[in-house]
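Throughout, read-outs are computed from the coordinates displayed, never taken from laboratory work. If you're wondering where the values come from, they're calculated on a predicted model, not measured in any experiment. We place every Cβ from the backbone using ideal geometry, glycine too, and count neighbours over all the protein chains shown.
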Amino acid sequence: MRTRIMPDTTYRDEGLTPESRSEEGQLRDAFFHAVIENAADMISVISPEGRFIYSSPNSRRTFGVESGTTDQLPETIFHPDDYPLVREAFIELTEEGGRKQLPDHRMRVANGDWMWVQTHAVNLVDDPHVGGIVMVSRDVTAQKRREEEIRRAEIAVKFGHWRWDKDAHG
C-alpha cells in the first residue's frame, strides 16, 4: 500500500520500492521545507556554543542573523534586563535537555527597535539531523503593550480619577 505525504505527515512504506521511497522522502522533505520556510514564527537552530546553525527567513528578516553565522549569539541582541534570565534558561536547556519555554524577553530587531518575544525551545543536540537547540519565537510586543495598558488602567482605577478645575477653585 502506498500513502502520499499529507499535512498530518502520514507515512507508510509498505510495498514501496527503493525508488518510490526516495520519491516519498523528497516529497516529505519538500513539504517540511515549505512549512518551515513560510512560517510566521521565527525559527532558529542554535548550537550549544551559541552559534546559529539555521535561521528561518522570518528570523533572518526580523533579527538580521544569517544561518551558519560563526560568531556567538551576541549578548547585545538581548535587552540588558532580560539577558541574564535568557542565558540561564539556555544553559539549563543545554545541560539538562528536554523542552522549555524561555522567559518572555526583548530582542533587538534589524532596525534597532526592541521586540518582545515568547520562545519555546527544545534540545535536539543529540539528534544527528539537527545537532542544536530549536528555538521557535513569536512576536508578543502587542500583547505586552496591552498588558501594560491594563496594568496602568488598574492603577488609575485604584487611585481614582480627579481633575483640577481652576475656574471653580480660582
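Points to keep in mind about this one:
- The range 18-60 - convex hull of the alpha-carbon atoms, volume per residue in Å³: 77
- Gain on full extension, evaluated as 0.36 nm per residue between A40 and E148 minus their Cα-Cα distance, stands at 36.4 nm.
- Spin-label model distance (nm) - K158 vs Q101, 7 Å beyond Cα toward Cβ: 2.4
- Label sites at L27 and R138, each approximated as a point 7 angstrom past Cα along Cα to Cβ, lie 3.1 nm apart.
- Scoring 139-151, 111-123 by mean Cβ neighbours within 10 Å over their residues and listing the highest first yields 111-123, 139-151.
- log10 of Debye I(q)/I(0), alpha-carbon scatterers only, for the range 87-127 at 0.30 Å⁻¹: -0.98
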